Amino acid sequence: MLAVFAHPDDEAFGTGGTLARYAAAGGQVALICATLGEVGEISDPSLATPETLPEVRAEEMRCAAQILGVSELVFLGYRDSGMAGTTANEDPRAFANAPESEVLGRLVGLIRRWRPQVIVTFDPEGGYGHPDHIAIHRHTVTAFHVAADPVRYPGQGPPWQPARLFYAVIPRSLFRTMRRQLEAMGHAGPLEDLDLDKIGWPDEEIHLSLDVAESVEAKWAALSCHKTQFGPDHPFRQLPQEQARELMSREHFVLAWPEPETEVHLADLFDGLE
Ligand SMILES: [Zn+2]
């Protein structure tokens with residue numbers, strides 16, 4: 001399988017357990033990360049400065065990939081575009097500004113080289129609207145189809161049609177549960193300002209909730225590699241470990257292609273594939 005995300009740590013929360021599960025079962029797991037998360041937060045100033053953050057996050061990503069069992073990790077080398085409306089948006093190196101034909105060529109080449117059966121990326125809103133998440137979603141969806149077209153990018157290897165495209169999503173109910181649990185402890189923390197009617201994917205439109213309890217330790221360890229992002233203020237660090245692990249032990253997917261015509265019943269991402 002191939003997972004395609006924008007920043008180091010994007011892979012961990014929504015798909016870390018899934019990547020670890022398939023890698024542990026002997027599957028080949030590849031991961032593409034478009035940027036180094038250059039304008040991300042620094043949870044503890046002793047870990048990095050804004051100047052060193054890209055190399056620190058690249059190393060955090062390698063640490064997480066190794067723990068999850070990712071066999072191929074590729075950084076596309078674009079720059080983090082920052083949250084919508086910030087000045088980082090205007091940087092010409094920002095991923096959200098990258099020319100489509102260039103990004104597509106890279107993605108198509110990697111898809112044709114690795115020949116994944118299943119590709120996973122963000123949903124159309126990128127989880128919460130980050131411009132890089134939306135951009136990597138858009139390019140991955142296009143690359144998924146273009147990789148199979150022999151007329152497009154003939155220099156990037158023989159065509160390959162992956163079998164399924166999934167969006168990794170966070171169910172709306174998960175945000176509600178988390179806020180309830182945090183409030184019960186006396187503080188809603190970083191979830192306080194979220195609009196719980198809008199954030200996350202509607203539960204009834206989720207096609208697969210994969211049980212990843214067996215790889216939750218690897219997922220937690222991979223998240224812990226992302227020290228600059230997963231500091232003590234992170235909502236998951238504030239919950240009691242048992243509750244955090246419970247929430248982390250399922251990962252949720254929407255089948256985007258082939259477009260489901262009837263109700264979808266999948267036991268896992270590869271269910272029914274050869
Ligand atoms: Zn991200």
*Among (1) more than 16 Å from the ligand (Cβ to nearest atom); (2) crowded, with 17+ Cβ neighbours inside 10 Å; (3) not in a helix (DSSP H, G or I), where does A143 come up short?*
(3)
*Which one of the conditions (1) within 14 Å of the ligand (Cβ to nearest atom); (2) among the charged types (D, E, K, R); (3) open to solvent by 10 Å² or more (accessible area, probe 1.4 Å) does R57 fail to meet, given that it meets all the rest?*
(3)
*Among the residues of region 42-51, is any within 30 Å of L273 (Cβ to Cβ) and either out of contact with any Cys (no Cβ under 7 Å at 6 or more places or on another chain) or part of a helix (DSSP H, G or I) (or both)?*
no
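Yes or no, residue by residue, for (1) among the β-branched types (V, I, T); (2) open to solvent by less than 30 Å² (accessible area, probe 1.4 Å); (3) touching a helix residue (DSSP H, G or I) at 6+ places or on another chain (Cβ under 7 Å):
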{"position": "V216", "(1), (2), (3)": "yes, yes, yes"}
{"position": "S224", "(1), (2), (3)": "no, no, no"}
{"position": "K227", "(1), (2), (3)": "no, no, yes"}
{"position": "L247", "(1), (2), (3)": "no, yes, yes"}
*State yes or no: is R179 of a type in the set (K, R) and modelled with pLDDT under 95?*
yes
*Take region 1-26 and flag every residue that is open to solvent by less than 30 Å² (accessible area, probe 1.4 Å), within 16 Å of the ligand (Cβ to nearest atom) and not in a helix (DSSP H, G or I).*
A3, V4, F5, A6, H7, P8
*Only one residue in L269, L182, L210 is over 16 Å from R21 (Cα atoms) and either touching a Cys at 6+ places or on another chain (Cβ under 6 Å) or open to solvent by less than 40 Å² (accessible area, probe 1.4 Å) (or both), so which one is that?*
L182
*Subset of region 89-139 [among the aromatic types (F, W, Y) and within 15 Å of the ligand (Cβ to nearest atom)]*: F95, F122, Y128
_Suppose we filter region 146-169 for residues that are in a strand (DSSP E or B) and not aromatic (F, W, Y); how many remain?_
4
*Run A96 past the list (1) surrounded by 21 or more Cβ atoms within 10 Å (Cβ to Cβ); (2) among the hydrophobic types (A, V, I, L, M, F, W, C); (3) touching a Gly at 6+ places or on another chain (Cβ under 8 Å); (4) more than 30 Å from D268 (Cβ to Cβ) and report the number of the one that doesn't hold.*
(3)
*Name, by its number, the condition in (1) within 16 Å of the ligand (Cβ to nearest atom); (2) modelled with pLDDT of 95 or more; (3) open to solvent by 10 Å² or more (accessible area, probe 1.4 Å) that does not hold for Y153.*
(1)
*asked:* Cβ-Cβ distance below 7 Å, separation of 6 or more or different chains: which pairs start in region 161-182 with a residue that is of a type in the set (D, E) and end on one that is open to solvent by less than 20 Å² (accessible area, probe 1.4 Å)?
replied: none
*Spot the failing condition for L47; the list is (1) farther than 26 Å from T142 by Cα; (2) away from the ligand (no atom under 16 Å from the Cβ); (3) surrounded by 17 or more Cβ atoms within 10 Å (Cβ to Cβ), and only one is missed.*
(3)
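The values are calculated or read from the model by the stated rules, or taken from the named source; none is laboratory data. Everything numeric in this text was worked out from a predicted model, so none of it was measured. All Cβ positions, even for glycine, are placed from backbone atoms using ideal geometry, and neighbour counts span all protein chains on display. Heads up: the accessible areas ignore ligands, DNA and RNA and are worked out on the full protein's heavy atoms, side chains in. Shrake-Rupley method; radii C 1.70, N 1.55, O 1.52, S 1.80 Å.
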